[in-house]
1. Size of the dipole of the chain about the Cα centre, Lys and Arg at +1 and Asp and Glu at -1 on the beta carbon, nothing else charged, in debye to 20?
2. Treating only the Cβ atoms of Lys and Arg (+1) and Asp and Glu (-1) as charged, compute the dipole magnitude of segment 17-63 about its Cα centre; round to the nearest 20 debye.
3. Taking 8 Å as the Cα distance limit and 6 or more residues as the minimum spacing, I'd like the relative contact order of the chain as a percentage.
4. Using only DSSP helix segments of four residues or longer, with each worth -39500 (n - 2.57), what per-residue ellipticity at 222 nm results for the chain after dividing by its residue count and rounding to 500?
5. Highest mean first, how do 130-136, 113-119 rank when packing is the count of other Cβ atoms within 10 Å averaged over residues?
6. Could you give the length gained on full extension between S118 and D74, defined as 0.36 nm per residue of separation minus the Cα-Cα distance, in nm?
7. Which residue fluctuates the most in the chain, going by a Gaussian network model with Cα springs under 10 Å, if the choices are Q143, Q124, Q38?
Amino acid sequence: MKSYDDIVRDLKACYDKGARILDIEGVNLIDWKDKDKQVGDIFEAARKIGFYNTSTMVPAKFWQRWKEIDAKVDIIWVSISGEKDLPLIDNDRKASLYMVVNANNYKEIERILDFAKSHKNIDQIAFNFHTPFKGSEEMALSQEQRTSVIELLISSKKKGYPIMNTVSGLKNMLNLNFKRYCWICNFVYCDGRQSPICIDNKDSGMCDKCGFSMAGEMNAVFRFKPDTILTGLKSRG
Ligand code: SF4
């Protein structure tokens, strides 16, 4: 667990480098404490420093606890692993859903999209694709599966389903044949190291097999794709 002072130091370092949007992630974030400080104090410190939009990810199993903590965060992504987590999402507070699509859950997407569309407090749902880190290669989608999932997401988005990913970003993720601009983010690891890439080992080859849709979205922003820029302004502006 990082100390409050160390976190504030990292936040200020990011702000000084130009960051104005903050995303903090960590499975145990909900249990973070330092003396009298709790997780909500981190986001409050971020707002005082000057970040104008904050977000975090909450596993669906912690959603009820998170609501009780009531930390002030602009966008809360409730992470679901598939249909089995949907009963954990109730209708009493606004949330955004997040799902990593993999070889085990990709057939559930249509039902999950119907849930997101019919659930009055779900603002949006964002999708990543499994990145085949060592030991989890078998969960990656085949190219055929990846193509059919992305085509489904694009056609569903055009039909009005509340999908956060943009068409331009999704098209990039089809074959990953695009220039990476991930360095525009300032990634800070738990031990305080800062990095222009989101993964610890730059030689792992994961950037070539990336499933993080932000990579495709950032490329679309740098190519001035209107749908991506408008989506960014709407959700983070
Ligand atoms: S793994 Fe993907 S999102 Fe992360 S730095 Fe590499 S290309 Fe960017």
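1. About 720 debye.
2. Details: 8 positive and 7 negative charges, 31 e Å.
That gives a dipole near 160 debye.
3. So the answer I get is 15 percent.
4. Counting only the DSSP helices, I get -11000 deg cm²/dmol.
5. Values: 130-136: 14.6, 113-119: 16.1.
Ranking, from highest mean packing down: 113-119, 130-136.
6. Net length gain for the segment: 13.6 nm.
7. Result for the chain, Cα springs under 10 Å: Q143 fluctuates most.
Every read-out reported here was derived from the displayed coordinates using simple, explicitly stated rules and does not represent laboratory data. Computed from a prediction, not measured in an experiment: that's the story for all the values here. Neighbour counts run over all protein chains shown; Cβ positions are idealised from the backbone, glycine included.
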